[in-house]
Amino acid sequence: MTETFRHSGEYPQQQSAAPVHHGGTQGAYAHGAYPPPPAHAPEAPQLPPQVPQQVPPRRRRARGPAALLAAVAIAAAAVGGGTAYAVQTLTDRDGGSSATSTDVVPTSKKGTVSGVAEAVSPSIVEISATTGQGKSTGSGVITKSDGEIVTNNHVVAGASSIKVRTNDGKTYEAEVVGTDSKKDLALIQLKDAAGLKPATFGNSANVKVGDEVVAIGSPEGLTGTVTSGIVSALERDVTVSTGDGQEQQQNPRGEWPFEFGGKEFNGETGSSKTTYKALQTDASLNPGNSGGALIDMNGNIIGINSAMYAPSSAGSQGTGESGSGSVGLGFAIPIDTVKQDLGKLRSGSQT
């Protein structure tokens with residue numbers, strides 16, 4: 001009876017777990033070849049199709065934008081932090097020295113003359129020097145918060161005393177640290193000064209003809225006077241005196257002698273002189289601007305103003321006009337030259 005049940009195929013558990021097959025399979029049952037106990041293998045193929053439908057893949061897709069935003073935020077923070085560090089390092093080095101090539105003007109005022117003037121004017125000073133021949137007036141650029149200032153050599157050459165007035169009206173005594181007459185540069189140091197705003201140096205090698213610029217100085221003793229224009233030419237040969245005393249004095253109209261194009265302007269430069277490559281600008285420069293700043297529209301100093309042409313110095317004879325004043329032909333020492341010379345000036349070199 002047991003075989004009879006087997007032959008009839010009544011295996012409740014096995015048959016309920018398996019589909020109906022052809023006779024060949026039933027023949028195998030008839031010969032006693034029982035199928036293996038029902039395993040869970042038939043259910044295994046059903047799992048893989050369910051995997052893509054599980055929550056983790058959907059979470060990955062949903063989290064993609066969030067992860068991307070997080071990555072962008074982290075990268076931005078890293079870049080911002082690096083930039084801040086670079087500027088701080090340049091600014092704080094040497095006790096608060098000039099930074100190099102950054103955006104000094106606030107974004108809301110970027111590209112405007114008023115924005116440049118507001119940002120840079122606190123870094124420009126008026127210089128009054130007394131020599132055995134009289135007094136002279138010029139300008140200077142603050143390079144350190146403790147009162148280190150760069151100016152033209154011809155402004156302070158031969159000076160027995162120097163007084164400096166800052167943009168806020170305070171007056172300081174100063175002394176010469178170093179000079180380089182070949183480049184018409186000098187470095188002076190204020191006494192008992194602190195908390196001043198150093199200027200930011202740009203890169204004059206990147207300057208192009210037509211670039212807008214702002215000039216700040218103290219013409220005629222008018223501290224913080226602002227004018228604007230463009231860079232009108234590059235690498236102009238300008239010759240100035242390297243001597244002391246009478247050779248370095250402003251003429252009665254307050255103009256500094258220089259040579260350009262084989263001609264003398266504003267008086268005689270004397271027998272001892274030097275020639276340098278200058279930036280030419282049509283920004284108005286007047287007596288007293290020497291040693292002041294020529295600035296790009298980001299607020300970076302790109303030159304130290306050093307010479308200006310006035311019609312009274314050539315071609316005005318017989319006109320009955322003094323002609324003193326700017327006609328849009330000024331020159332500035334490229335700031336790259338200044339940066340290369342700062343180490344020598346700070347060492348106390350007197351040449």
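The values are calculated or read from the model by the stated rules, or taken from the named source; none is laboratory data. Everything numeric in this text was worked out from a predicted model, so none of it was measured. Glycine also receives a Cβ, built like all others from the backbone with ideal geometry; neighbour counts cover every protein chain displayed. Quick note on the areas: whole protein, heavy atoms, side chains included, nothing else; ligands and nucleic acids left out. Shrake-Rupley method; radii C 1.70, N 1.55, O 1.52, S 1.80 Å.
Observations
- Some residue of region 311-333 being modelled with pLDDT of 95 or more and crowded, with 24+ Cβ neighbours inside 10 Å: yes
- Filtered residue count, region 145-180, keeping only those that are within 24 Å of T200 (Cβ to Cβ), open to solvent by 30 Å² or more (accessible area, probe 1.4 Å) and of a type in the set (D, E, K, R): 4
- When S290 is tested against (1) assigned to a loop (DSSP other than H, G, I, E, B); (2) open to solvent by 50 Å² or more (accessible area, probe 1.4 Å); (3) modelled with pLDDT of 80 or more, exactly one condition is not met: (2).
- Count of region 177-226 residues, restricted to those that are in a loop (DSSP other than H, G, I, E, B), touching a Gly at 6+ places or on another chain (Cβ under 7 Å) and aliphatic (A, V, I, L, M), is 2.
- Among residues of region 137-157 being of a type in the set (G, A, S) and closer than 19 Å to T239 by Cβ, the one that is modelled with the lowest pLDDT is A157.
- Subset of region 105-127 that is more than 23 Å from D341 (Cα to Cα) and not in a helix (DSSP H, G or I) - its residue that is modelled with the highest pLDDT: T112
- The number of residues in region 213-248 that are open to solvent by 10 Å² or more (accessible area, probe 1.4 Å), touching a helix residue (DSSP H, G or I) at 6+ places or on another chain (Cβ under 8 Å) and modelled with pLDDT of 75 or more comes to 4.
- Screening D237 against (1) free of Cβ contacts under 8 Å to residues at least 60 places away in the same chain; (2) within 22 Å of the chain's Cα centre (by Cα) leaves a single unmet condition, (2).
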